Amino acid sequence: MSKTTVDHAAIVMLDALSLSDAIHQKQFSCLEVMQAYLAQIDTLNPKVNALVSLQPSDMLLKQAAACDAELARGQSRGWMHGMPQAIKDLSATRGIVTTMGSTLYRQHVPASDSIMAERMRRAGAIFIGKTNTPEFGAGSHTYNAVFGATGNAYRPDLSAGGSSGGAAVALALRMLPVADGSDMMGSLRNPAAFNNVFGFRPSWGMLPLGPSPELFLQQLATEGAMGRNVPDILALLRTQAGPDWRAPLASGRTDGLQQLLEAGCSGGRLGWLGDWNGYLPMEEGILSQCEQALSDFQALACHVEPATVDFDPALLWESWQLHRHWLMAGSLHDDYQDARLRAELKPELQWEINGGLQLSAMDIYRASRIRSDWYRAVVRMFEKYDFLLLPSAQVYPFALEESWPRMVAGRAMSSYHRWMEVVIGPTMAGLPVMSVPVGFGQNGLPMGLQIIGRPHGDMEVLQLAHAYDRQRSWVQSVVPAMLGDAMKKP
């Protein structure tokens with residue numbers, strides 16, 4: 001190998017915190033880091049289409065050189081100083097096209113950043129582009145009419161999951177050191193499972209979402225972090241979290257995030273929910289694969305046992321679907337009213353909006369009552385357990401050209417998102433939840449497991465996930481084949 005290739009591999013294979021240290025200790029210049037990542041992207045992104053709206057290389061190299069000049073003067077913007085980042089294409093980025101995966105916004109260039117992007121930029125990140133996402137984030141499969149589909153890091157002919165699919169693939173292929181994402185229905189968890197990385201959905205309200213046109217009704221979606229390890233995720237969360245007047249419902253509780261990750265997990269009580277007593281159809285192999293991972297938690301001196309939530313899951317789904325219809329209809333109502341614009345929305349979005357327009361005020365109130373009952377039921381579970389465990393998905397990555405799985409384990413799916421019903425519980429209760437890798441099935445495909453924490457127990461979830469990763473490091477053990485091939489190039 002030439003020195004250039006050795007340096008390239010040495011840079012992109014670093015985790016985010018190690019990269020930050022290397023930059024600040026001047027082991028690598030910001031310019032060298034940018035060159036290495038751009039080379040990695042040039043080699044691998046055409047195979048998977050994870051990164052979109054990429055910015056001109058000469059402009060990015062100038063920004064990296066400016067970061068080096070600042071370091072030479074003893075100035076650092078923060079821990080992300082000079083680090084290449086791509087923001088999820090649902091989140092506004094000043095001066096960079098933000099399409100939200102919709103042809104309606106193909107030319108949309110925001111005048112300002114989202115709150116999250118603003119904080120990451122302030123911490124020193126250089127925005128190289130965006131990560132691909134489904135149209136308006138609808139569906140756990142990353143494809144849209146603007147950029148096309150994103151292929152899986154381990155099998156590019158299969159789905160990357162979604163809606164943070166581009167972020168997960170870019171992480172797995174070392175085209176980004178760490179990544180932001182967002183999650184309403186598993187959008188940080190499903191793609192993490194599909195690409196053998198970590199995805200953390202924080203407690204609702206920890207991270208301010210927006211700025212948004214409507215400030216008080218949306219209480220399901222949240223932004224969050226993805227990484228190849230838990231310390232990187234925590235570092236990004238510390239940057240993203242905290243109060244902001246533009247998001248009045250965000251609590252901004254960050255005190256717990258200052259604790260150490262290396263807390264002991266001995267004696268932890270874990271409840272394994274499995275397939276919810278047969279209610280959730282699961283593709284063959286997923287349950288057994290996740291159950292094998294339970295021994296890794298037991299090796300940490302945790303007690304794991306089967307558990308059941310005393311709640312009708314069909315009612316939870318009813319409440320979820322009513323909430324989803326209502327919020328999607330509200331946010332996209334203006335576009336839907338224009339027949340020309342409506343025609344550009346994918347059928348699944350038109351179905352969501354039309355469903356929302358049929359709802360009454362009492363329908364919404366009933367949905368909120370069910371959700372409230374669900375919250376009380378799951379909180380009662382934490383009187384017995386410290387954490388609850390669930391698979392991160394009900395299917396393995398599926399064919400890229402398939403818009404969504406119509407059947408799971410012989411059961412027909414009633415909607416484009418029913419195959420991801422396993423993720424709605426933490427969302428509806430606003431709980432912190434991490435998808436951790438659990439290895440690969442007999443089909444060679446990755447899968448993940450959700451660690452669900454008690455209300456505002458974000459740090460406890462991160463601590464358990466970190467201990468688990470140190471016990472069984474799947475991310476470092478099994479890298480994508482195309483990544484290995486790229487590293488071997490002379």
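Residue-wise HN-Hα couplings along the stretch 212-227, as the Karplus relation 6.51 cos²θ - 1.76 cosθ + 1.60 with θ = phi - 60° gives them from phi, are 10, x, 10, 10, 10, 9, 6, 10, 10, 7, 8, 8, x, 9, 10, x Hz; Gly and Pro carry x. With neighbour counts taken as other beta-carbon atoms within 10 Å, the residues Cys30, Cys265 rank, fewest first, as Cys265, Cys30. Each peptide among 355-368, 460-473 gets the average number of other Cβ atoms lying within 10 Å of its residues, and from highest to lowest they stand as 460-473, 355-368.
Packing here is the average count of other Cβ atoms within 10 Å per residue, and on that basis the peptides 241-250, 338-347, 182-191, highest first, run 182-191, 241-250, 338-347. The residues neighbouring Gly139, those whose beta-carbon lies less than 9 Å from its own, together hold a net charge of -1 under the Lys/Arg +1, Asp/Glu -1 convention. Taking trypsin sites (Lys or Arg not before Pro) across the stretch 402-457, the ones in a DSSP loop with at most 14 further Cβ atoms lying within 10 angstrom of their Cβ are Arg406. The amide H of Gly205, built 1.01 Å from its N in the peptide plane, has no neighbour under 5 Å, considering only residues 5 or more places off or on other chains. Please name whichever of Pro56, Ser392, Ala250 sits farthest to the positive end of the charge dipole of the chain, dipole taken about the Cα centre and charges placed at Cβ: Lys and Arg +1, Asp and Glu -1. Result: Pro56.
Sparsely packed loop sites in the stretch 240-292 (the GluC sites (Glu not before Pro) outside DSSP H, G, I, E and B with at most 13 other Cβ atoms within 10 Å) comprise Glu262, Glu284. Structure note, pairs Lys47/Lys346; Lys130/Lys488; Lys62/Lys346: Cα-Cα distances above 29 angstrom occur for Lys62/Lys346. Beta bridges assigned by DSSP with both partners in the chain are antiparallel in approximately 70 percent of cases. Taking the fewest neighbouring Cβ atoms within 10 Å as the starting point, the ordered list for Met59, Met328 is Met59, Met328. Amide H contacts of Val408: Met413, each under 5 Å away and 5 or more positions distant or on a separate chain (H built 1.01 Å from N in the peptide plane; Pro and chain starts excluded). Left without a cysteine partner by the 4.7 Å Cβ rule in the chain: Cys265, Cys290, Cys302. Taking Cα centre as origin and charging only the Cβ of basic (Lys, Arg, +1) and acidic (Asp, Glu, -1) residues, the dipole magnitude of the stretch 129-192 rounds to 160 debye. Backbone geometry of the stretch 103-118 corresponds, through the Karplus equation with coefficients 6.51, -1.76 and 1.60 at θ = phi - 60°, to 3J(HN,Hα) couplings of 5, 5, 10, 4, 10, 6, 10, x, 7, 8, 7, 5, 4, 5, 4, 4 Hz, x marking Gly and Pro.
Once the C-beta distance of Ser368 and Ser288 is scaled by a Förster radius of 30 Å, the resulting FRET efficiency is 0.20 to the nearest 0.05. Mean sequence separation of contacting Cα pairs (under 8 Å, at least six apart), scaled by the length of the stretch 327-472, corresponds to a relative contact order of 20 percent. Recomputing Cα extents along the principal axes in Å from the coordinates shown identifies the correct label among [x] 65, 63, 47; [y] 85, 57, 48; [z] 61, 58, 43 as [z]. Counting only Cβ charges, +1 for Lys and Arg and -1 for Asp and Glu, the dipole size of the stretch 273-331 around its Cα centre is about 280 debye. Between the listed residues Gly356, Gly205, Leu38, the Cα displaced farthest toward the positive end of the dipole of the chain, a dipole computed from Cβ unit charges relative to the Cα centre, is found at Leu38. Here the Karplus relation 6.51 cos²θ - 1.76 cosθ + 1.60, evaluated at θ = phi - 60°, turns the backbone of the stretch 60-74 into coupling constants of 5, 5, 5, 5, 5, 5, 5, 5, 4, 5, 5, 4, 4, 8, x Hz, with x for every Gly and Pro. Counting only Cβ charges, +1 for Lys and Arg and -1 for Asp and Glu, the dipole size of the chain around its Cα centre is about 600 debye. Packing order of peptides 214-227, 373-386, highest average first: 214-227, 373-386 (average count of other Cβ atoms within 10 Å over each peptide's residues). Sites listed here are trypsin sites (Lys or Arg not before Pro) in the stretch 57-144 whose DSSP assignment is loop and whose Cβ has at most 10 other Cβ atoms within 10 Å: Arg73.
Readers should treat all values here as calculations from the given coordinates under stated rules, not as data from a laboratory. These figures come from a predicted structure and were not determined experimentally. Positions of Cβ are backbone-derived with ideal geometry, glycine not excepted, and every protein chain shown enters the neighbour counts.
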